[in-house]
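What follows draws every value from the coordinates through simple rules; no lab data is involved. In this text the structure is predicted, and so the values were computed from the model without any measurement. Counting neighbours? That spans all protein chains shown, and the Cβs are built from the backbone with ideal geometry, glycine included.
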Amino acid sequence: MRAQRALAVIGTLLALIATAPAQASVFYLSLGTSLSVGVQPNPGGQNRRTQEGYADQLHAALNQTNLRLVKLGCPGETTITMITGSICDYELGSQLAQAVSFLQDHQGSVALVTIDMGANDIEPCGSLDGIDPACVAQAFANVGGNLPYILGVLREAAGPGVPIVGTNYYNPFVAAWFVNPALAEESRLALLFFNALLGGIYTAFSVPVADVAATFHAGDPFPDAGIPLGVLLVCQWTWMCAAPPVGPNIHANAEGYGVIAGAFLTVLFPDQG
């Protein structure tokens, strides 16, 4: 079933691009959190948007001259604020409303929609000092109620033929393994359940999922000896292990965003993964 959904996605994507008039634009609409707009820390440690995010790198990898990237993502966006607004400025008040308007205004010319959503619901629940179980429970409830609504609204606006691809998440807090292995293990288990929640919701809406968690080995059990591979990859592909003031920072670096883009490409081109 997953392979069939992936083939349907890429078939629709390629057909729309191929049949568009030579000078006509088709669109890749990117929705989500700070990851969707490539946020990284600057040398002083302040977060800023970049052109190195997974959406930018996925767009470049698709290598279609008439495919235009439209990024509506918002750093700090939760499943609540995507619906209600309040964090980023949108002409129509919220990211979801803006996305719906774009989809309705460009019927027949949207080739792809990607979305990452939910990370900021659960991210405040963890730090290198500990995890708040009550916060985690509330995050699960918020995502479980809001993400299905978001996907339903997007699907209605996009129509049945527009490919929508979601993603799960890596776990920046496994970097705590170096100072607190028990906390790292607790965060690993929490993210396993959270990604399972996301996967179930996306599956219910026939939305294929870029398995970023698997690429980062986020769910791998920790070995009895040696540094876990998932910890090494978080240090390599994010700013969590960077020295202050740049790190620790939960965002991916340019290489990490490329890896995330690769997870999306695996969904779009399963036979080339």
Amide H proximity to L112 below 5 Å, modelled H, separation 5+ or other chain, gives F27, L29
Computed from the beta carbon distance with a Förster radius of 30 Å, FRET efficiency for V179 and Y149 to the nearest 0.05 stands at 0.15
Non-local residues with an amide H under 5 Å from the amide H of G32, with H modelled 1.01 Å from N and Pro and chain starts lacking one, are G73, C74, D116
HN-Hα couplings for the stretch 251-264 via Karplus (6.51, -1.76, 1.60; θ = phi - 60°), in whole Hz with x for Gly/Pro, come out as 6, 5, 8, 4, 5, x, 5, x, 5, 5, 4, x, 5, 5
Per residue convex hull volume, Cα only, the chain, in Å³ is 128
Simple SL model, points at 7 angstrom along Cα→Cβ for Q64 and I227; separation in nm is 4.0
For N47, other-chain or 5+-apart residues with amide H closer than 5 Å (H placed, Pro excluded) are N42
Subtracting the Cα-Cα distance of E255 and A214 from 0.36 nm times their residue separation yields 13.1 nm
Checking rank on 27-39, 130-142, with mean other Cβ inside 10 Å and highest first, the result is 27-39, 130-142
